[in-house]
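I have placed the structure first, in the form of structure tokens, so that the comments after it can refer back to it.
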Amino acid sequence: MSKFSDFNFKGRKALVRVDFNVPLNDKYEITDDTRMKASVPTILKILNDGGSVILMSHLGRPKEGPSEKYSLKHLLVHLRKLLQGATVLFAPDCIGNDAVQMAASLQPGEILLLENLRFYQEEEKGDTGFAKKLAVLADVYVNDAFGTAHRAHASTAVIAQFFPKEKRMFGMLMENEVASAEKVLHHSEKPFTAIIGGAKVSDKILILENLLGKATDIIIGGGMAYTFIKAMGGKIGKSLCEEDRVKIAADLMKKAEEKKVSIHLPSDSIIADKFDANARTSDAPSYNIPAEWSGLDIGPNACGQFANVILRSKTILWNGPMGVFEMPVFQHGTKCVAEAVAEATQKGAFSLVGGGDSVAAINQFGFSKKVSYVSTGGGAMLEFFEGKTLPGIAAIQS
Ligand code: AMP
């Protein structure tokens, strides 16, 4: 692989896999352009070098071929705006004669946006023939779509084989994502604290197991904490609990003890008499929640307990909220953790935040600029920290 920043794109046509899977409203207006913005530096570097860019992406989950709803043409106007008025052409089919001709006549400084890759089922199937039809459009392949790096799709992984090693590379976004994730997982300065929250233990078991060999401290919050508290003999009332995971939670606690990893569970919780923003609430020890009540956020003592651990950390990984942060009454715990992560970062820690809900929370509370890195890839990041090889990364590196 080549290093993107060292590569001179002058006179080159670069086929760039981006993640433009942005949310659109009923009028096909983009409601959150974070993913598009994230790819701008990569595109501009190629254009500034004197190259041309062919952009390919998926949008949504089209089931049966082309459809208006999932057309990437809805992104054209905004893309031109983000790229400061650059010429952006649109190919109504991502492969075929027209796409080939449009790509061939593309001039340096120009951009061609291809129609949704997933209008072909071959994309998700990782079809080699389809990948080859995309590959003929350009002479350099750049993968800048970290959000789909855990998928072995035609455009994210299979396509790389059609480019010689020196003409395939990560884009700037992908490079940053991979470097940040590797820094945390493989080169962390200790103490290394992982903060894992969210609803389900089942979604986070693999990441927890993998982190047992890496982190010095693991903070467990959110709904998943109660399965652990039950495993430790606590009374959790009607809090979220995965009965079939209680044993696994107990085993994880035991393994952590053997490996000398400290697991921190919330000492108290904000409990509610129903799952509702207007519920009656109270603070209770997490190990003694009344029968009809459920823990929907970590309590004030737990906030202090977790902040202490976070503030003495040199490396921090955060995935998953501490409570039902979507409702203002249950967002205090997530906010406290965000504050502590920001403060630790200011004191010199490296902090990586990833996963849909923790990113949404950190944006909502205005802390995104106060952490070291906010990952754009939810599923991809989770799989990376589970210790899996991501096809999109491996295809470029191998
Ligand atoms: P996940 O997708 O697994 O990261 O979970 C995120 C979701 O977990 C959010 O929608 C939160 O509202 C929810 N959540 C966090 N804490 C709790 C809790 N104590 N009880 C129920 N749901 C929770």
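So the values come out like this:
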{"quantity": "Qualifying lysines (Cα of each under 26 Å from Cα of Lys63; at least 8 residues distant if same chain)", "calculated": "Lys27, Lys73, Lys125, Lys132, Lys133"}
{"quantity": "Calculated on alpha-carbon atoms, Rg and Dmax of segment 178-385 in Å", "calculated": "15.7, 46"}
{"quantity": "17 Å Cα-Cα reach of Lys230 towards aspartates and glutamates, excluding residues that sit fewer than 8 places from it in its own chain", "calculated": "Glu242, Glu243, Asp244, Asp251, Asp268, Glu292, Asp297"}
{"quantity": "Charge dipole of segment 4-170 about the Cα centre (unit charges at C-beta), most positive-ward option of Ser52, Ser105, Ile30", "calculated": "Ser52"}
{"quantity": "Which listed pairs, of Lys254/Lys314; Lys183/Lys388; Lys13/Lys69; Lys190/Lys259; Lys37/Lys369, have C-alpha distances above 22 Å, in listed order", "calculated": "Lys254/Lys314; Lys13/Lys69"}
{"quantity": "Estimated [θ] at 222 nm from DSSP helical runs (n ≥ 4, -39500 (n - 2.57)) normalised by residues in the chain, nearest 500", "calculated": "-10500 deg cm²/dmol"}
{"quantity": "Positive minus negative residues near Pro41 (Lys, Arg vs Asp, Glu; Cβ under 12 Å)", "calculated": "0"}
{"quantity": "Convex hull (Cα only) mean projected area of segment 4-170, reported in nm² to one decimal", "calculated": "8.7 nm²"}
{"quantity": "Percent of beta bridges antiparallel (DSSP, the chain, rounded to nearest 5)", "calculated": "20 percent"}
{"quantity": "Global form of segment 244-340, assessed from the alpha-carbon gyration tensor, a/c cut-off 1.5", "calculated": "oblate"}
{"quantity": "Student exercise, the chain dipole from Lys, Arg, Asp, Glu Cβ charges, in Debye to nearest 20", "calculated": "740 debye"}
{"quantity": "Rg and Dmax of the chain, Cα atoms only, in Å", "calculated": "23.0, 70"}
{"quantity": "Apportionment of accessible area to carbon and sulfur, segment 178-385, percent (1.4 Å)", "calculated": "51 percent"}
{"quantity": "Between segment 314-360 and segment 14-83, the Cα center-to-center distance that results, in Å", "calculated": "29 Å"}
{"quantity": "Cys residues of the chain counted as unpaired, since no other Cys beta-carbon is under 4.7 Å", "calculated": "Cys94, Cys241"}
{"quantity": "Highest to lowest packing among 238-248, 269-279, scored as the average C-beta count within 10 Å", "calculated": "269-279, 238-248"}
{"quantity": "Accessible area per residue in Å² at 1.4 Å probe, computed on the chain", "calculated": "43 Å²"}
{"quantity": "Cα lying deepest toward the dipole's positive end in the chain, options Met327, Ser267, Ser282, charges on Cβ", "calculated": "Ser267"}
{"quantity": "Carbon and sulfur %, accessible surface of segment 11-85 computed with the full protein complex present, 1.4 Å", "calculated": "48 percent"}
{"quantity": "Solvent-accessible area of Tyr120 with every protein chain in place, 1.4 Å probe, in Å² to the nearest 10", "calculated": "60 Å²"}
{"quantity": "Packing-based ranking, highest mean first, of 29-39, 138-148 given that Cβ atoms within 10 Å are counted", "calculated": "138-148, 29-39"}
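The values are calculated or read from the model by the stated rules, or taken from the named source; none is laboratory data. Every value quoted in this text rests on a predicted model; they were computed, and no experiment measured them. Ideal geometry is used to build each Cβ from the backbone, glycine not excepted, and the neighbour counts take in all protein chains shown. Protein only, heavy atoms only, side chains kept; ligands, DNA and RNA dropped before computing areas. Shrake-Rupley method; radii C 1.70, N 1.55, O 1.52, S 1.80 Å.
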